[in-house]
Each structure stands twice: as C-alpha cells, then as structure tokens.
1. I'd like the full set of residues that are without any contact (Cβ under 8 Å) to a residue 60 or more places away in the chain, part of a loop (DSSP other than H, G, I, E, B) and farther than 29 Å from Asp110 by Cβ, limited to segment 187-225.
2. Kindly establish whether Lys239 is basic (Lys, Arg) and without any contact (Cβ under 8 Å) to a residue 12 or more places away in the chain.
3. May I ask you to verify whether Leu143 is surrounded by 15 or more Cβ atoms within 10 Å (Cβ to Cβ) and within 25 Å of the chain's Cα centre (by Cα)?
4. What do you reckon, is Pro213 farther than 30 Å from Phe119 by Cα, crowded, with 19+ Cβ neighbours inside 10 Å, in contact with a Leu (Cβ under 7 Å, 6 or more places away or on another chain) and not β-branched (Val, Ile, Thr)?
5. So Phe119 fits all but one of (1) out of contact with any strand residue (DSSP E or B) (no Cβ under 7 Å at 6 or more places or on another chain); (2) loosely packed, with under 14 Cβ neighbours inside 10 Å; what number is the exception?
6. So which residues in segment 179-209 are of a type in the set (Ser, Thr, Tyr) and buried (at least 20 other Cβ atoms within 10 Å of the Cβ)?
7. Take the residues of segment 130-164 that are within 19 Å of Val97 (Cβ to Cβ) and among the small types (Gly, Ala, Ser): which is modelled with the highest pLDDT?
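The values are calculated or read from the model by the stated rules, or taken from the named source; none is laboratory data. Because the structure is a prediction, the values reported are computed rather than measured. Here the Cβ positions follow ideal geometry from the backbone for every residue, glycine too, while neighbour counts run over all protein chains shown.
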Amino acid sequence: MKKTFAILASLLAISVFTVRAQEDKQIFNHLAVAPTIGFDGIGAEAITTLTPYVQVHAGIAMMLPYIPVNGSSIKAIPETIDINGNVRQLRNNISAVASLNSVSGNILFDIFPSKTTSFHFTAGLYFADPKLIAVDVDASKVLKQDEYASYYIQLNENNPQTRISSDAQGHIKADLSYNVVRPYLGIGFGRGIRSDKRVSTTVDLGVVYAGNPKLQSYDYTLSPEGKPVVFTSAMLDNKDNGIIDKFSKIPILPVVKVNIYIRIF
C-alpha cells in the first residue's frame, strides 16, 4: 500500500513539475467530454489540458445495478435451518437479489513522454461504495414474523462466532467489500484532447488498489445494525487456505476502459 502511494505521489510530482517547467503552458485551454465503457461500467468523463505533457480527467461510471440470483445456488446458506427443533427447508424457499453498488468516480492524470506521442502513463484515484456486491436474501417465507432477528444460522458448529441471522424484515444480507478510496496506476494509448481533431479515442489498462476484499454477512440477534461476520474457507469448507482465503489476499482490481472524447473547445 505504501509503495503504491509512493509511486502515485512521484508521478503526480512529475506532472506538477512539468506544469511549472514548460514555457508553452496549456492550462485549461481545451475541454472535451466522453462516454466511457469499461470494467467499471458505463459512464462519462470530462478532460482538460495542463501542458502538452499532462492532461487531467474526471468522471463517473455505473454498472448494471441488479442481478437476480436463485437462492438455491447460494452455498453459504445451509439447505436447512433448525428452529426450536423444527427443521425447515431454507435454500429452495428463498429468493435473492445481488446488487452491484458500482457507482464510482475518479480523477486521473495522463502523463505523456513527449508532445506528440499517444502513449501515456496514468495515475490517480478512484472513489466507490465499499460494498462492490451486496446480496439480499428474502427468508421471510421460511421464518415467522416473530422469528425475524431472533434465530440464527450457525455456519460452523465448532465456532460460535460464525452465526448469521435475518434482520427485522426477515432478510439475510451479505456483501463483498473493498476500500472506498482506491489508488490507480496504468498505461494508455491516445490523447483525450487533440487540437487537430474534434473526436479522439483512448484506451486505458491498469490496476486499482482496492484493499483486501471481505466477504461477509451479518448477525442481527444482538443489535439492529447487525454484527459483521467475515467469511473464511474454514468457516464454509472446513479447511484453511481455501479459495475464499486466497481470494481475500488479492488487493487489486483490473481496469480496461475505452473513452470516445468530443472536444468542445
């Protein structure tokens, strides 16, 4: 994390030095806007010039918000639940929706090695909701109303800290969470603003440092806010260093993006 910020700070320092050092400054003398499509979804950006060597752009993007999920395919939820000695079928009697909380923003600096090259380095920051994916499981048909937020599901009988429950409306919730602020480093091809063209296209490839992801659900039996319960491989698969543990050690997300800029002035 510290190395990432050090590299980011160095690149930004280079851009500031370039702004001051160049005699032919072009600060904010051009502006272009673009529709964008990439791994972060569909969005829009605005870009302006600082010097012939530096352009800065900012934008927002959003993925499709909802994905229907068959409740019987969610392996983290047991097939049955035991309530006061009564075993009830759980998986086949629930509905679920996975939502992508993917509205994100960014501010990025494109740094060009020369005045004419289209190849560039990019550094900056992404900002996004920490819950990249949120799953809402409606278990109200399985539970009775007076059982909401009162009974829990024990994911691992050997560990009392691994229990989850529904909230006061009978919904079991889970999510995949990352950091809110995410440094970005990458390379790209194309200039967002070209004085000789009204329309230009750029392609960017890079990585976002999003922090170690957490796959978690909640226990509402003790408080209305819900106590987070972070899933591990041992909790769900009865083995250490399984797929969930390995996945939680990958702190970066890839970014591939195409922008089609239209120069306004």
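1. Passing the criteria: Leu222, Ser223, Glu225.
2. yes
3. On the way: surrounded by 15 or more Cβ atoms within 10 Å (Cβ to Cβ): yes; within 25 Å of the chain's Cα centre (by Cα): no.
In short, no.
4. On the way: farther than 30 Å from Phe119 by Cα: yes; crowded, with 19+ Cβ neighbours inside 10 Å: yes; in contact with a Leu (Cβ under 7 Å, 6 or more places away or on another chain): yes; not β-branched (Val, Ile, Thr): yes.
Judged against the criteria, Pro213 is a match.
5. (1)
6. Going through segment 179-209, the residues of a type in the set (Ser, Thr, Tyr) turn out to be 184, 195, 200-202, 209.
Hits for segment 179-209 are Tyr184, Ser200, Thr202, Tyr209.
7. Result: Ala134.
One line per residue, one yes/no per condition, for (1) under 21 Å from the mean Cα position of the chain (by Cα); (2) within 25 Å of Val137 (Cβ to Cβ):
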{"residue": "Ile172", "(1), (2)": "no, yes"}
{"residue": "Asp175", "(1), (2)": "yes, yes"}
{"residue": "Val181", "(1), (2)": "yes, no"}
{"residue": "Tyr184", "(1), (2)": "yes, no"}
{"residue": "Phe189", "(1), (2)": "no, no"}
{"residue": "Thr221", "(1), (2)": "no, yes"}
{"residue": "Pro224", "(1), (2)": "no, yes"}
{"residue": "Leu236", "(1), (2)": "no, yes"}
